[in-house]
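Report on one structure; see the data block that follows.
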Amino acid sequence: MTRTGTAERAQQARARGRFRGRSGGGAAVPGPVLALAAVAGTFFALPLLGLLWRAPWSNAWTYLTAPAATTALRLSLWCSLWATALSVLFGVPLAWVLARVEFPGRGAVRALCTLSMVLPPVVGGVALFFALGRRGLVGQYLDRWFGFRLPFTTTGVIVAQTFVAMPFLVITVEAALRQLDARYEEASRTLGASPWYTFRRVTLPAIRPALVAGAVLTWARALGEFGATITFAGNFPGTTQTMPLAVYLALEGSNPESAIILALVLMGVSFTVLVSLRDRWLGAATGGGVGAGGAGAGGRHR
Amino acid sequence: MRSPRAGLDAHLQLRLGDLDLDLELAVAPGELVALLGPNGAGKTTVLRCLAGLAPLDGGRITVDGAVLDDPSAGVLVGPEQRPVGFVFQSYLLFDRMSVTENVAYGLRARGRPKAEARRQAGTWLDRLGLAELAERRPTSLSGGQAQRVALARALATDPRLLLLDEPLAALDAGTRTTVRRDLHHHLASFEGMRLLVTHDPLDAFALADRVVIMEDGRAVQAGTLAEVTARPRSRYVADLVGVNLVSGQVEGGELRTPGGVRVVVADADPGPSYALIRPHSIVLARAGGDGPGAATSVRNQWPGTIIGVERLGDRVRVALDGPLPLTAEITVAALEALELRPGDPVLAAAKATEIEVYPA
C-alpha cells in the first residue's frame, strides 16, 4: 500500500516539474528553491566571468612567463604541497584522537584545533608571530638555542599555510572516522593485529576517500592563503611571495593586467583539481559512503 | 596456587547498559558448547568478553590455565594476544582485500612473511573448499561462502578457542540447511574449544555437544540439548520445546503456584518444583457443559478463556488465558465438535499422572 502511494506521489511530482532531485529520482524541486539556487550559482560564476572578460588575452603569455610570476607560482606550489603533507602527517592522528579518545574538554580541544579556520587569517598571522616570531613565546628559544628563525622565511610560509589549512583535513577525516564501522577494527584485533597494524591496514584504507578529499581541500586553502602568510612571513619575492601575494601587489601597483592573468591561473588550477577529484573522491566522501562504502561489505550479509 | 587447567574456565561479570551479566562458563578441550537464549540475553557480550573486546568488571577468564582477564588482579590481555578466534555474525570480511588476503591477514599481522602467509591461507582455503574463490573480493561472495571465508580467517591464526556469533543468522532460509551441515563438518575437524552463540535451537542441536541456556545475563540451564529440553527450567526453553511449564511449591501432593493455582501431581517430593504439562495431555471442555468434570477421575480442572487458535496439520493448538495460562493441543475434529472460538470460556483438565514434576 505504501509502495503504490509513494509511486503515485513520485509520478505526480514528475508531472509537476521538469527539474528533479537526484535522490529518489522523483522529488520535484520547489520553485523558490530553484530560483534562489540559481542566484547563488550565478553569484559564484560572475567573478570568474569578470576576470575572463577583463583578461588581456593578447599579452597573457608574456605575463605568465615573466620571472616574477613563475617564481611566485613555483613557490606557491612548493609551500602548499608541504603544508598539505604536514597537515596529513599531523592532522590524521589529531582527527583520530578527537574521534576515538574520550577525554575531558574534548569539545574545547576540537574548537581550538579548528579555530584558525574561522579566524581572520591576518589575526592568525599575528598570533603566529607572537608564538613563533623571534621574540615569540617559543620562537625566542628556537632563535637562541638553534639559531632557527621562522618569520620572513619560506618555512614560515609553510607554517602559516599549515596553520590555516590543516583544520579542513582534521574536520573531514574526523567525520569519516566517526562514521566508520568500528567492528571491522575489532575483527582485526581478534585476528592478532596490534592497534597500529589495524590502523594502517583497516582504518586508513577505509577513510581514504575522506582523507583525499580533506587533503585536496587543505591544499586548495593553502594555495590561496594570503593574510597569515603576509603577516607572518612577509612579502619577499623568491622566498615568501606566493601567488596570492603577487596578485595583490600587481593589482595595487604597476601591473593590474598581470594580476588578472595570475588570478586566472590560480582559479584554473583550483577549479581543475576540484572538478577532476570530485567524482572520484569527494563524491564518495560526501555521499555517505565513508562508513558504508569505505568499511565494506557489512551490509550485504547482515 | 591453582593447578593449570585445560580448557576455558570463565566467570564473567559485566554491567553494560541494561545488561547485568553474571555467568560461569567452562568449555573442555575439544568440546563444542552452544550458548542459546533469546535476543538481549547477553550472548554476544559473553563472546566479546572472551575475545577481549569487552573488559570484565569482575570475575576471571582463563584458557588452559593462562589468565586473560582478571580485574581484581589487574590482568587484562589485549584481544590481539589471546588464543581466540572470532567469527562475527555479519562476518566483517575486509572488502578491500581478496579472499586470500583476508585469510592471510592474521598471519601477516603476526609478522609472517607475505609469501608464507599466502601459502598457509591457501591451505585453509583448500581445506574449506574455497580454493576457486581465492582471488575474489568478499563483496562478490554468497552468504554461505562469506561465512566459510570468515571461518577460515579465524582458524588460520590457530586459536585454542573459537567463538562463533550466530553463524547462520545472516543467511536466508534456503541456504541455511546446507551451510549448517557444512559448518558442522568444518567445526568437527577443528580440535580446539568451540563456543557458539545462537538463538536457534536447531543450530544448537545440529552443532553442539552441550548447550547453556542464557536469559538476562544468567545461565538458567545447562546440559545436552536432550537433557535441557526434557526438563525445561525456564519459560524460554519451555516455549522452544512447546510445553507448559508451571513453577511453584509442592506440598501434600499438590503444586501451588505463586498465584494460588493448585495443580494436583503424583509422586512429587515437597519443595520448590516445576510441573511440565504437555499440550496433548490437556483435555478441553466447554465451561458449564458436561466436561471431564466432577464425575471423572481427572483431578485437575482449571477455568480459562480461549485467546488463540493455531492449526498445525490436523491438530490445533489452543492458547488459554486464566489463572493458569496454558496451551492445549486437540484435534481439528474436537475443535469443530465443541465449536470453540477465541473468547469462549472453557475448562482445561489434565490427569495428575501425566504431569511431570521435578525439583527446581
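Being without any contact (Cβ under 8 Å) to a residue 12 or more places away in the chain and on the phi < 0 side of the Ramachandran plot is the requirement here; does B:Arg137 meet it?
Details: without any contact (Cβ under 8 Å) to a residue 12 or more places away in the chain: no; on the phi < 0 side of the Ramachandran plot: yes.
Answer is no for this residue.
Being within 13 Å of A:Thr154 (Cα to Cα) and among the β-branched types (Val, Ile, Thr) is the filter here; which residues of the range A:232-259 pass it?
First, the residues of the range A:232-259 that are within 13 Å of A:Thr154 (Cα to Cα): A:232-242.
Answer for the range A:232-259, where residues must be within 13 Å of A:Thr154 (Cα to Cα) and among the β-branched types (Val, Ile, Thr): A:Thr239, A:Thr240, A:Thr242.
Residues satisfying the criterion are present in the range B:133-152 (criterion: closer than 30 Å to B:His11 by Cβ and under 22 Å from the mean Cα position of the chain (by Cα)). Scanning the range B:42-81 for residues that are within 12 Å of another protein chain (Cβ to nearest Cβ) and under 24 Å from the mean Cα position of the chain (by Cα) returns B:Thr44, B:Leu47, B:Arg48, B:Leu50, B:Ala51, B:Gly52, B:Leu53, B:Ala54. Residue pairs whose Cβ atoms lie under 8 Å apart, separated by 6 or more positions or on different chains, with the first residue in the range A:221-235 and of a type in the set (A, V, I, L, M) and the second assigned to a loop (DSSP other than H, G, I, E, B) and surrounded by fewer than 19 Cβ atoms within 10 Å (Cβ to Cβ), are A:Ala233/A:Phe152; A:Ala233/A:Thr153.
Under the condition of being outside any helix (DSSP H, G or I) and in contact with a helix residue (DSSP H, G or I) (Cβ under 9 Å, 6 or more places away or on another chain), which residue from the range A:89-128 is farthest from A:Gln161 (Cα to Cα)? It would help to see each step written out before you state the result.
The first filter runs over the range A:89-128 and keeps only residues outside any helix (DSSP H, G or I), leaving A:101-105, A:119-120.
After this cut, where a residue has to be in contact with a helix residue (DSSP H, G or I) (Cβ under 9 Å, 6 or more places away or on another chain) as well, the list is A:103, A:119-120.
Values: A:Phe103: 29, A:Leu119: 13, A:Pro120: 13 Å.
Out of the qualifying residues, it is A:Phe103.
Looking at the range A:168-234, the helices (runs of 4 or more DSSP H) lying wholly inside it that each contain 2 or more residues that are within 19 Å of A:Ala95 (Cα to Cα) sit at A:183-190, A:195-198, A:204-224. Among the residues making up the range B:82-106, those that are of a type in the set (A, V, I, L, M, F, W, C), facing another protein chain (nearest Cβ under 8 Å) and on the phi < 0 side of the Ramachandran plot are B:Val84, B:Phe86, B:Phe88, B:Leu93, B:Phe94.
Is it the case that B:Leu171 is within 11 Å of another protein chain (Cβ to nearest Cβ), in contact with a helix residue (DSSP H, G or I) (Cβ under 9 Å, 6 or more places away or on another chain) and assigned to a strand (DSSP E or B)?
Details: within 11 Å of another protein chain (Cβ to nearest Cβ): yes; in contact with a helix residue (DSSP H, G or I) (Cβ under 9 Å, 6 or more places away or on another chain): yes; assigned to a strand (DSSP E or B): no.
Here the answer is no, as B:Leu171 does not meet what is asked.
Scanning for something under 13 Å from B:Arg210 (Cβ atoms) and buried (at least 16 other Cβ atoms within 10 Å of the Cβ), does the range B:13-24 turn up at least one residue? No; the residues of the range B:13-24 include none that is under 13 Å from B:Arg210 (Cβ atoms) and buried (at least 16 other Cβ atoms within 10 Å of the Cβ).
Please tell me if B:Ala6 is touching a Pro at 6+ places or on another chain (Cβ under 9 Å), surrounded by fewer than 23 Cβ atoms within 10 Å (Cβ to Cβ) and among the small types (Gly, Ala, Ser). If you could, list the steps in order and put the result at the bottom.
On the way: touching a Pro at 6+ places or on another chain (Cβ under 9 Å): yes; surrounded by fewer than 23 Cβ atoms within 10 Å (Cβ to Cβ): yes; among the small types (Gly, Ala, Ser): yes.
For B:Ala6, the condition - touching a Pro at 6+ places or on another chain (Cβ under 9 Å), surrounded by fewer than 23 Cβ atoms within 10 Å (Cβ to Cβ) and among the small types (Gly, Ala, Ser) - is met.
If you go through the range A:47-99 and keep only what is over 26 Å from the mean Cα position of the chain (by Cα), surrounded by 15 or more Cβ atoms within 10 Å (Cβ to Cβ) and small (Gly, Ala, Ser), you end up with A:Ala55, A:Ala60, A:Ala66, A:Ala68. Just one of (1) buried (at least 24 other Cβ atoms within 10 Å of the Cβ); (2) within 14 Å of chain B (Cβ to nearest Cβ); (3) touching a helix residue (DSSP H, G or I) at 6+ places or on another chain (Cβ under 6 Å) fails for A:Thr198. It is (1). Looking at the range A:168-194 only, could you name the residues that are more than 8 Å from chain B (Cβ to nearest Cβ) and either among the basic types (Lys, Arg) or under 16 Å from B:Arg108 (Cα atoms) (or both)? Hits for the range A:168-194 are A:Arg178, A:Glu185. Could you go through the range A:129-139 and let me know if any residue there is within 14 Å of another protein chain (Cβ to nearest Cβ), free of Cβ contacts under 8 Å to residues at least 24 places away in the same chain and not in a helix (DSSP H, G or I). Among the residues of the range A:129-139, not one is within 14 Å of another protein chain (Cβ to nearest Cβ), free of Cβ contacts under 8 Å to residues at least 24 places away in the same chain and not in a helix (DSSP H, G or I), which makes the answer no. Cβ separations smaller than 8 Å between residues 6+ apart or across chains give the following pairs from the range B:17-42 residues that are farther than 20 Å from B:Leu168 by Cα to residues that are assigned to a strand (DSSP E or B) and among the polar types (S, T, N, Q): B:Leu21/B:Gln13; B:Asp22/B:Gln13.
Filter the range B:135-177 down to the residues that are among the aliphatic types (A, V, I, L, M) and at pLDDT below 90 and list them by number.
Across the range B:135-177, the qualifying residues are B:Leu168, B:Ala169, B:Ala170, B:Leu171, B:Ala173.
Would you mind stating whether B:Leu12 is of a type in the set (A, V, I, L, M, F, W, C), more than 14 Å from chain A (Cβ to nearest Cβ) and more than 28 Å from B:Ala146 (Cβ to Cβ)? In short, yes. Scanning the range B:107-118 for residues being within 10 Å of another protein chain (Cβ to nearest Cβ) and either part of a helix (DSSP H, G or I) or in contact with an Asp or Glu (Cβ under 8 Å, 6 or more places away or on another chain) (or both) gives a total of 3.
Please verify whether the range B:98-119 includes one or more residues that are touching a residue at least 60 places away in the same chain (Cβ under 8 Å) and touching a Pro at 6+ places or on another chain (Cβ under 9 Å). Walk me through it before giving the result.
To start, the set of residues in the range B:98-119 that are touching a residue at least 60 places away in the same chain (Cβ under 8 Å) comprises none.
No: zero hits.
The values are calculated or read from the model by the stated rules, or taken from the named source; none is laboratory data. Model, not experiment: these values are computed from the prediction. Neighbour counts run over all protein chains shown; Cβ positions are idealised from the backbone, glycine included.
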